[in-house]
Amino acid sequence: MSYCVRCLGRVPLKAETDHRWVVPERGNRAAMALAIWLAKRLGWRRLRVLLWPITFYFFLCHARARRASRIYLSRILRERAGNRQVMRHFHSFAQAVLDRLFFLMAPQTMPAVRCTGREVFLRAMERGQGCLLLGAHIGSFEALRSLGRDHAITLKMVMYRSNLGGATQVLEALDPSYQNTIIPIGQPDTMLRVAESLQQGHVIGMLGDRSPATGRTVTVPFLGKAITLPEGPYRLALATGAPILLVCATRGTDGAYEVRFEPFDVPYPASRKDRPQFIQDAAERYAHWMQAECLKAPFCWFNFYDYWKDLS
């Protein structure tokens, strides 16, 4: 199977970004190194007691994230969110970061992972075209990577990397193979690497809920108000013919993660003139899925910025 390089070159996966959502990474290299040291000696159960003091610190110090959380929670809960609910939202994010540490340290330390819709994923892989896994900033993508290891499946993530700092570098160093699974957005060979990976039957993961400032966006409703989503994932699907699946992994009350695969169910267009309608339908399908997942786990959506531009 081969792809038209000219077509792939038009897929908007550039490093130009809307800086409204490129929030610099919180934390630093020394703090993450200390967290890893504690994790190795104390274990998950003892270390988790520190999450509430950390949560309280960020609640007090980061007003913009606090306001963004309150706006989102008020929409999803359909009532004005109070400080306790915002704290719970921050705590859920801190828990996901801690769990990521244990996912990366070693297989024997990671949380348990369950899977729903595994057959949907396996059917897509049987087509031999690779697969595009489209997720959102919901829960943890590390749980999905662990599932891929269990099935000897190569998963590569297309990610925006320029706003990551020392804390993430220390964290990712726990798994020496991690860098090989990342395809950074904005590099000259980004699309070539994506195409080669799909040709080899690999899985490409993308998060579709943040829009770059390339002008290639589509407007859709989400939680009662219009948002813009990137066209890139759907143009990539059209250029490669690879099937799309929706996926997220959220943490249950027992500490285990549930990875959920869902079919995309938006037919690819038969002609070029139908492509704009496909992109609109695909983005609306994605937004509907994301809203449903947020309703299932309202405190597991981690976009701590002015998502609806309510504060602009």
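The values are calculated or read from the model by the stated rules, or taken from the named source; none is laboratory data. Worth saying up front: this structure is predicted, and the values here are computed from it rather than measured. Cβ coordinates were reconstructed from backbone atoms using ideal geometry, including for glycine residues, and neighbour counts include every protein chain displayed.
Checking the conditions here, which among 286, 268 is closer than 25 Å to residue 117 by Cα, touching a Gly at 6+ places or on another chain (Cβ under 6 Å) and either among the aliphatic types (A, V, I, L, M) or at pLDDT 95 or above (or both)?
286
Yes or no: region 264-273 includes at least one residue that is buried (at least 18 other Cβ atoms within 10 Å of the Cβ), not in a loop (DSSP other than H, G, I, E, B) and not basic (Lys, Arg).
No - not one qualifying residue is present in region 264-273.
Conditions first: (1) surrounded by 14 or more Cβ atoms within 10 Å (Cβ to Cβ); (2) under 28 Å from residue 95 (Cα atoms); (3) not basic (Lys, Arg). Residue 233 passes all but one, so which condition is the exception?
It is condition (2) that residue 233 fails.
Restricted to region 123-145, and to residues that are charged (D, E, K, R) and either touching a Lys or Arg at 6+ places or on another chain (Cβ under 8 Å) or in a helix (DSSP H, G or I) (or both), which residue is surrounded by the fewest Cβ atoms within 10 Å (Cβ to Cβ)?
Only one residue tops the list, namely 123.
Any residue that is more than 19 Å from residue 114 (Cβ to Cβ) and touching a Lys or Arg at 6+ places or on another chain (Cβ under 8 Å) - is there at least one of those in region 242-261? Write out each step before concluding.
Keep residues of region 242-261 that are more than 19 Å from residue 114 (Cβ to Cβ), which gives 242-244.
Imposing the further condition that a residue be touching a Lys or Arg at 6+ places or on another chain (Cβ under 8 Å) reduces the set to 243.
Yes, there is a match, as at least one residue in region 242-261 is more than 19 Å from residue 114 (Cβ to Cβ) and touching a Lys or Arg at 6+ places or on another chain (Cβ under 8 Å).
Between residues in region 181-196 that are touching a residue at least 40 places away in the same chain (Cβ under 8 Å) and surrounded by fewer than 18 Cβ atoms within 10 Å (Cβ to Cβ) and residues that are outside any helix (DSSP H, G or I) and among the hydrophobic types (A, V, I, L, M, F, W, C), which pairs lie under 6 Å by C-beta distance while being six or more apart or on different chains?
Taking only residues 6 or more apart or on different chains, the pairs are 186/15.
Can you tell me which of 217, 240 is modelled with pLDDT under 95, touching a Leu at 6+ places or on another chain (Cβ under 8 Å) and closer than 18 Å to residue 121 by Cβ?
Going through 217, 240 in turn, just one is modelled with pLDDT under 95, touching a Leu at 6+ places or on another chain (Cβ under 8 Å) and closer than 18 Å to residue 121 by Cβ: 240.
Out of region 235-268, which residues are of a type outside the set (S, T, N, Q) and more than 28 Å from residue 96 (Cα to Cα)?
Selection gives 235, 236, 237, 238, 239, 241, 242, 243, 265, 266, 267, 268.
Out of the residues in region 246-259 that are surrounded by fewer than 22 Cβ atoms within 10 Å (Cβ to Cβ) and not acidic (Asp, Glu), which is farthest from residue 202 (Cα to Cα)?
Restricting attention to region 246-259, the residues satisfying the condition of being surrounded by fewer than 22 Cβ atoms within 10 Å (Cβ to Cβ) are 250-256, 258.
Retained after the next criterion (residues that are not acidic (Asp, Glu)): 250-253, 255-256.
Numbers: 250: 23, 251: 26, 252: 29, 253: 32, 255: 29, 256: 26 Å.
In this case the residue turns out to be 253.
Would you mention how many residues in region 251-306 are among the β-branched types (Val, Ile, Thr), out of contact with any Leu (no Cβ under 7 Å at 6 or more places or on another chain) and over 30 Å from residue 82 (Cβ atoms)?
2
May I ask you to list the residues in region 198-232 that are assigned to a helix (DSSP H, G or I) and over 19 Å from the mean Cα position of the chain (by Cα)? Give the steps one after another, and end with the answer.
Start the filter on region 198-232 by keeping residues that are assigned to a helix (DSSP H, G or I), which leaves 198-199, 232.
Across region 198-232, the qualifying residues are 198, 199.
Here are 124, 96: which of them is under 19 Å from residue 153 (Cβ atoms) and in contact with a Cys (Cβ under 9 Å, 6 or more places away or on another chain)?
124
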